[in-house]
Amino acid sequence: MTTPAPTAGRGTAAHTTGPRGSDASGGPGGSCASGDSGGPALDDRLDAAVHAVEAPHVVFAASVGGRRAIRSGGTAPPPAVERARLRYEAGSASKPYTGLLLAALTLDGTVGRGTPALACLAPGAAVPDDPVTLLHLVTHTSRLPALPRDFYRQALPRWSTNPFAGYPAAHVVDAFVRRETARTGRRVRRRPGTRWHYSNFGVSVLGHALAAATRTPWETLLHERILAPLALSGTALTPAPPPDFSDAGPARAGDAADAVGHRADGVTPVPPLRIGGFAPAGGVRTTPADALTFLEAHLHPERTPLAEALHAVRAPLLRRGLGHRHTHTLTWFQHPTEHGPAYFHCGATSGQQTFLGFCPGTDVAVAAHTTRRYHRTDPFLPTAYTLLLGPDPLS
């Protein structure tokens, strides 16, 4: 069975809750069940956003002043599990979770921002005079390429579905150690910390360095230090594989249900993402409600057990681009608004896209998900961005 071709008659479902801790559906933290409205104006804005995006499944979720609204729809028939209850692949929007973990481990003294990654991954190895540090890795200033040089040959046969699956964590670590030890004792023109270059390789190395420093498997470490303290029970790092991914319905594993992604045509389903050794850079799967919880923690760090770390990841760290107009924190892209800074990160996989963003000055968070790969005329990211940072943002 395949997903029917996109049509103009998309349905929209409402999933709205009251303030956290007192949502209308009775569950703590706000569930996705239908309940009190987030307000007609907010509902209308999210409905319009859903209808602007042509994809099998689309979800736009917002938290405004503590009130939540989650609206969903799509070109495909409604799945057995409500769209708002599915888990979606975050792709590169996983990086804020890894950055928050670094902040937490730095604050408790486990590692330092200036700790050489090589010292974590290859204890006893000679460290270059200008080593790649954990801070370089998280801020994309490590001078590492986007992906390891030997990655592409194994990835090409499955480039449009699961290019990362055949490159495990050991390969990521080995590629970095080889590269870093080769710099020892040599003068290198391109020193770490001198240029910004987006690198999935670098953030993946960071995650494995933190796992090595704590002697804890990556999934366990992120769960214990970030997901559990923030009560992100709907967030996972591994897929719930369906018996047959060609079925457009959601994949299930116990109580979990994963959305099925689609190619850029919006019709052809793709298998669940197998992230291999790049989990720290793109392995998170989250429900819209959990995504809002994660963002609300950044809006109000004082209400969480990770207050100091959450404040730390909001501080600007570097500027880049023409006139140094682009600002970055430890893990977020930061843009100015008339209400103060807004923070966001986007992510994409072979069949899904995610947007996460928040603005403390307006007490607004926006999480959006779609199960269609990016295409040239795709309105998904501009639509999500406009809700947070446009000329008429949510407030």
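The values are calculated or read from the model by the stated rules, or taken from the named source; none is laboratory data. Since the model is a prediction, treat every value here as computed from it, not as a measurement. Please note: Cβ atoms are built from the backbone with ideal geometry, for glycine as well, and neighbour counts cover all protein chains shown.
Residues being in a helix (DSSP H, G or I), within 26 Å of Trp332 (Cβ to Cβ) and not acidic (Asp, Glu): count how many of those fall in region 174-223.
In the first step, residues of region 174-223 are kept if they are in a helix (DSSP H, G or I); the result is 174-182, 200-214, 218-223.
If we keep only those that are within 26 Å of Trp332 (Cβ to Cβ) too, we end up with 176, 200-214, 218-223.
Cutting the leftovers down to not acidic (Asp, Glu) gives us 176, 200-214, 218, 220-223.
Final tally of qualifying residues: 21.
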| So which residues in region 62-95 are part of a loop (DSSP other than H, G, I, E, B) and either farther than 30 Å from Leu210 by Cα or in contact with an Asp or Glu (Cβ under 7 Å, 6 or more places away or on another chain) (or both)? | Gly65, Gly66, Thr75, Ala76, Pro77, Pro78, Pro79, Ala80, Val81, Glu82, Leu86
| message | Whether any residue in region 96-108 is among the aromatic types (Phe, Trp, Tyr) and not in a strand (DSSP E or B) is what I want to check. | response | yes
| query | Where residues in region 178-225 are in contact with a helix residue (DSSP H, G or I) (Cβ under 6 Å, 6 or more places away or on another chain) and within 20 Å of Ala126 (Cβ to Cβ), which of them is surrounded by the most Cβ atoms within 10 Å (Cβ to Cβ)? | reply | Val205
| task | Can you run down the residue pairs with Cβ atoms below 7 Å, 6 or more apart or on separate chains, where the first is in region 143-164 and over 20 Å from Pro239 (Cβ atoms) and the partner is among the polar types (S, T, N, Q)? | result | Leu144/Ser199; Pro145/Ser199; Ala146/Ser199; Ala146/Asn200; Leu147/Asn200
| query | Which number in (1) farther than 24 Å from Pro79 by Cβ; (2) surrounded by 21 or more Cβ atoms within 10 Å (Cβ to Cβ); (3) among the aromatic types (Phe, Trp, Tyr) marks the one condition that Tyr385 misses? | reply | (2)
| said: Within region 311-325, does at least one residue satisfy the condition of being closer than 23 Å to Phe60 by Cβ and without any contact (Cβ under 8 Å) to a residue 60 or more places away in the chain? | reply: no
| request: Being touching a strand residue (DSSP E or B) at 6+ places or on another chain (Cβ under 9 Å) and more than 18 Å from Ala122 (Cβ to Cβ) is the filter here, so list the residues in region 136-177 that pass it. | output: Thr139, His140, Thr141
| Does Arg143 fit the bill of being surrounded by fewer than 23 Cβ atoms within 10 Å (Cβ to Cβ) and outside any helix (DSSP H, G or I)? | yes
| request: Test Thr75 against the criterion of being β-branched (Val, Ile, Thr), over 26 Å from Ala257 (Cα atoms), touching a Lys or Arg at 6+ places or on another chain (Cβ under 8 Å) and modelled with pLDDT of 95 or more, and give yes or no. | output: no
| query | So which of Gly351, Gly347 is modelled with pLDDT of 95 or more, under 22 Å from Gly282 (Cα atoms) and surrounded by 24 or more Cβ atoms within 10 Å (Cβ to Cβ)? | reply | Gly351
